[in-house]
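Student: Let me begin by handing over the structure; questions about it come next.
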Amino acid sequence: MSWAPCPFEKLRPSQLNRDDAFYMSLAFNLAIDAWHANEVPIGAIIVCGGEVIGAAHNEIKRTGDPTAHAEVLAITQAASKIGDWRLNACELYVTKEPCPMCAGASIMSRIGRVVWGCHDPKMGCLGGAYPLHDLKGLVHRVTVQGGVLEQPCREIVQAYFSLKREDNAAGGLTPSDDTVT
């Protein structure tokens, strides 16, 4: 089977209300872009002072780089944009709870707040499988908010992996282990 078109439509949030749902909608739209690129559909943006200074989706397959997660790419863009690795005044919006690597990158880049869409009980490290941000001895504490636009963020990841499993059963490639249940 050839790769399926994304069954989700991009969100069109109002520019008048730039709240958590607005910014998560932008991240969700990047997740749709990831789907179209046959990447795990996770999107992330970084906001500083109401301006988006980093925006990315997963690009692991395209780059062949296992660290090319949406969060890490957006953090790199944001640090470059402001000319400082410390992103204290910034907020990260990501469609799925960050994995151990991305949670660590959020902490190490001093992001002020991380807002995620769907919970990841297997690999999530900002409250799901492990609350890395609560580790004793950390120099920086990131504030975490989960569950923003949770349903569409969960549904797109689940639909992607469901189709990957169907493709695998039909002789396609094996799906990744980082599924969201």
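Student: With contacts defined as alpha carbon pairs under 8 Å and 6 or more residues apart, what's the relative contact order of the stretch 1-128 in percent?
Tutor: Value for the stretch 1-128: 19 percent.
Student: For the chain: lysine pairs with Cα atoms under 29 Å, gap of 8 or more or different chains, count?
Tutor: Number of lysine pairs found: 15.
Student: Of the candidates 60, 75, 42, which one comes out as most mobile in a Gaussian network treatment of the chain with C-alpha springs shorter than 10 Å?
Tutor: 60
Student: Mind checking the angle between helix 20-36 and the chain's longest principal axis? C-alpha axes, 0 to 90 degrees, to the nearest 10.
Tutor: Helix 20-36 and the main axis of the chain meet at about 40 degrees.
Student: Right, something else. Tell me the mean residue ellipticity at 222 nm calculated for the chain from its helices only (DSSP H runs of n ≥ 4, each -39500 (n - 2.57), averaged over every residue, nearest 500).
Tutor: Value at 222 nm, helices only, nearest 500: -11000 deg cm²/dmol.
Student: Please report, as a whole percent, how much of the solvent-accessible surface of the chain comes from carbon and sulfur atoms (probe radius 1.4 Å).
Tutor: Roughly 54 percent of what the probe reaches on the chain is carbon or sulfur.
Student: Shifting gears a bit: Rank 63, 76, 143 by mean-square fluctuation in a GNM of the chain with C-alpha springs under 10 angstrom and give only the top-ranked residue.
Tutor: Looking only at 63, 76, 143, the biggest GNM fluctuation is shown by 63.
Student: Under a 10 Å cutoff between Cα atoms, tell me which one of 30, 135, 92 has the largest fluctuation in the Gaussian network model of the chain.
Tutor: Comparing 30, 135, 92 in the GNM, the peak value goes to 135.
Student: Oh, and also: How large is the accessible surface of residue 108 in square angstrom, using a 1.4 angstrom probe and rounding to the nearest 10?
Tutor: Per-residue accessible area (residue 108): approximately 120 Å².
Student: Okay, next question. Could you give the distance between the Cα centres of the stretch 81-140 and the stretch 20-43, to the whole Å?
Tutor: If you average the Cα positions of each part, the centres end up 18 Å apart.
Student: Next question. Please calculate how many Å² of accessible area the stretch 1-150 carries per residue, with a 1.4 Å probe and no DNA, RNA or ligand atoms counted.
Tutor: Accessible area per residue: 46 Å².
Student: On a 0 to 90° scale, report how tilted helix 150-169 is relative to the longest principal axis of the chain, with both axes built from alpha carbons and the result rounded to the nearest 10.
Tutor: Helix 150-169 and the main axis of the chain meet at about 40 degrees.
Student: Continuing with this model, one more query. When the chain is fully extended, how far beyond the present Cα-Cα distance does residue 129 get from residue 101, taking 0.36 nm per residue of separation?
Tutor: So the extension gain works out to 8.8 nm.
Student: Same structure, new question: Treating the beta-carbon of each Lys and Arg as +1 and of each Asp and Glu as -1, no other charges, what is the dipole magnitude of the chain about its Cα centre, to the nearest 20 debye?
Tutor: It comes to approximately 300 debye.
Student: Full extension from residue 84 to residue 61: what is 0.36 nm times the residue separation minus their Cα-Cα distance, to one decimal in nm?
Tutor: 5.4 nm
The values are calculated or read from the model by the stated rules, or taken from the named source; none is laboratory data. Keep in mind that this is a model prediction, so the values were computed, not measured. Please note: Cβ atoms are built from the backbone with ideal geometry, for glycine as well, and neighbour counts cover all protein chains shown. These area figures cover heavy atoms from the full protein model, side chains too; ligands, DNA and RNA do not enter into them. Shrake-Rupley method; radii C 1.70, N 1.55, O 1.52, S 1.80 Å.
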